[in-house]
Amino acid sequence: MAGSTDKKFYQSIWDEREHYCEECGKWLGDEPAWSYFSHILPKSHYNKLRYCKANIDLLCPDCHHRWEFKDRKNMRVYSEDKINKLKDEERNS
């Protein structure tokens, strides 16, 4: 996985959540991979939310790719309300 802080952050999410893709329900296995952790709002634009657990979805590689490069608005995990709450949190932090 990534650096030490990232690894600890991702591991804490992995320990708290079930190991299934939040989009398609695919089993992700017993060991975390960095590619499973999808930032809802990209850390490149919302750095304050980089380590916000609410800003992370667990996604299989196929769904993560779909989120990043295809029509995310048609995905089950897409939520305007959740995105707006995250943007408010970033503005107010």
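The values are calculated or read from the model by the stated rules, or taken from the named source; none is laboratory data. Being a predicted model, the structure only gives us computed values, none of them experimental. Positions of Cβ are backbone-derived with ideal geometry, glycine not excepted, and every protein chain shown enters the neighbour counts. To get the accessible areas, we keep the full protein, side chains included, count just its heavy atoms, and leave off ligands, DNA and RNA. Shrake-Rupley method; radii C 1.70, N 1.55, O 1.52, S 1.80 Å.
Observations on the model:
- When the residues of the range 30-45 are filtered to those that are surrounded by fewer than 18 Cβ atoms within 10 Å (Cβ to Cβ) and among the hydroxyl-bearing types (Ser, Thr, Tyr), the one that is nearest to Tyr20 (Cα to Cα) is Ser35.
- With respect to (1) open to solvent by 20 Å² or more (accessible area, probe 1.4 Å); (2) of a type outside the set (Phe, Trp, Tyr); (3) farther than 21 Å from Gly3 by Cα; (4) under 13 Å from the mean Cα position of the chain (by Cα), the lone exception for Leu86 is condition (1).
- Taken together, the criteria place Tyr20 among residues that are within 19 Å of Ser79 (Cβ to Cβ) and open to solvent by 90 Å² or more (accessible area, probe 1.4 Å).
- Test: residue in the range 60-80 that is touching a residue at least 40 places away in the same chain (Cβ under 8 Å), open to solvent by 70 Å² or more (accessible area, probe 1.4 Å) and touching a helix residue (DSSP H, G or I) at 6+ places or on another chain (Cβ under 6 Å): no
- Restricting Glu16, Glu90, Glu23 to residues that are in contact with a Leu (Cβ under 6 Å, 6 or more places away or on another chain), at pLDDT 95 or above and of a type in the set (Asp, Glu) narrows the list to Glu23.
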